[in-house]
């Protein structure tokens, strides 16, 4: 049983569409991170959120941490083929250990 | 290149053999993590070091797995008597709590296939 559940597991959309992926848990985390992983490579950090209700923007990506610090969402506006990859969320209680979700595999078709 | 490197990138072995993987972290990072990732899953925590001290090891990790970081720099992960269920990508990440952002930098991984 994973601490963090991500949905959807798979998402295939056309270039230009918007999408939201979710990361949910019954646990309260002190921080939550989002990563993107491409085939054959390690994950790369996109953002860290630490405050309940916090919203961070990274170009076309918007990240939100739930008020209760149990869930998070990632919204991508006008998706591009370069956004294709596996999106992972990871929660931590104290920045000592990181618990990853199972990921959302995104495919953006040109 | 100042990133995290792992060697080898791929390893194919027969069941019952021992294998050892190496991770070279970013030089000023005092934390080093090992994760295992199977197809369709996120990385699963195995163990981590602060300098040369191994601070935590996953309870899911059998006694066949051992990791070292003898001088607080590179680390090795050894799997003894490999089983087919050990087939996975083994990822290493390094991290410095002194830096803002608490970012883990991952290596490219070692893909292990046990026949």
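Scanning the range A:1-31 for residues that are part of a strand (DSSP E or B) and within 11 Å of chain B (Cβ to nearest Cβ) gives A:5, A:6, A:10, A:23, A:31. Would a scan of the range B:85-94 turn up a residue that is farther than 23 Å from residue B:12 by Cα and surrounded by fewer than 16 Cβ atoms within 10 Å (Cβ to Cβ)? No - not one qualifying residue is present in the range B:85-94.
Assess whether residue B:42 counts as being without any contact (Cβ under 8 Å) to a residue 12 or more places away in the chain, under 21 Å from residue A:43 (Cβ atoms) and surrounded by 17 or more Cβ atoms within 10 Å (Cβ to Cβ). Against the criterion (without any contact (Cβ under 8 Å) to a residue 12 or more places away in the chain, under 21 Å from residue A:43 (Cβ atoms) and surrounded by 17 or more Cβ atoms within 10 Å (Cβ to Cβ)), residue B:42 qualifies.
The residues of the range A:35-44 that are in a strand (DSSP E or B) and crowded, with 17+ Cβ neighbours inside 10 Å, listed by number, are A:35, A:36, A:37. So for the range B:73-85 (the condition being within 14 Å of chain A (Cβ to nearest Cβ), assigned to a strand (DSSP E or B) and at pLDDT 95 or above), does at least one residue qualify? Checked against the condition, which is being within 14 Å of chain A (Cβ to nearest Cβ), assigned to a strand (DSSP E or B) and at pLDDT 95 or above, the range B:73-85 yields no hits at all. Closer than 20 Å to residue B:73 by Cβ, within 14 Å of chain A (Cβ to nearest Cβ), in contact with a strand residue (DSSP E or B) (Cβ under 9 Å, 6 or more places away or on another chain) and modelled with pLDDT under 95: which single residue out of B:40, B:3 fits that description? Only one candidate passes the filter, namely B:3. Residues of the range B:6-37 that are more than 14 Å from chain A (Cβ to nearest Cβ) and within 19 Å of residue A:100 (Cβ to Cβ): none at all.
Residue-wise test of (1) over 12 Å from the mean Cα position of the chain (by Cα); (2) over 19 Å from residue A:80 (Cα atoms).
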position	(1), (2)
A:20	no, no
A:25	yes, yes
A:28	yes, yes
A:34	no, no
A:38	yes, no
A:41	yes, yes
A:50	yes, yes
A:55	yes, yes
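Considering A:63, A:95, A:100, the condition of being touching a residue at least 60 places away in the same chain (Cβ under 8 Å), in contact with a strand residue (DSSP E or B) (Cβ under 8 Å, 6 or more places away or on another chain) and more than 22 Å from residue B:111 (Cα to Cα) is satisfied by A:95 alone. In the range A:22-43, the residues that are under 12 Å from residue A:91 (Cα atoms) reach residues that are surrounded by fewer than 12 Cβ atoms within 10 Å (Cβ to Cβ) with C-beta atoms within less than 7 angstrom, at least six apart or across chains, in these pairs: A:28/A:68; A:30/A:94.
Can you name the residue in the range B:43-66 that is more than 12 Å from the chain's Cα centre (by Cα) and at the interface with chain A (Cβ under 10 Å from one of its Cβ atoms) and is also nearest to residue B:31 (Cα to Cα) among such residues? Out of the qualifying residues, it is B:50.
Checked against the criterion of being surrounded by 13 or more Cβ atoms within 10 Å (Cβ to Cβ), at pLDDT 95 or above, part of a strand (DSSP E or B) and at positive phi, the range A:62-82 contains not a single residue that satisfies it. Summed over the range A:55-110, the residues that are within 14 Å of chain B (Cβ to nearest Cβ) and farther than 25 Å from residue B:44 by Cβ give a count of 2.
The values are calculated or read from the model by the stated rules, or taken from the named source; none is laboratory data. Note that this is a predicted model, so its numbers are computed, not measured. A quick note on method: Cβ atoms are made from the backbone with ideal geometry, for glycine too, and the neighbour counts reach across all protein chains shown.
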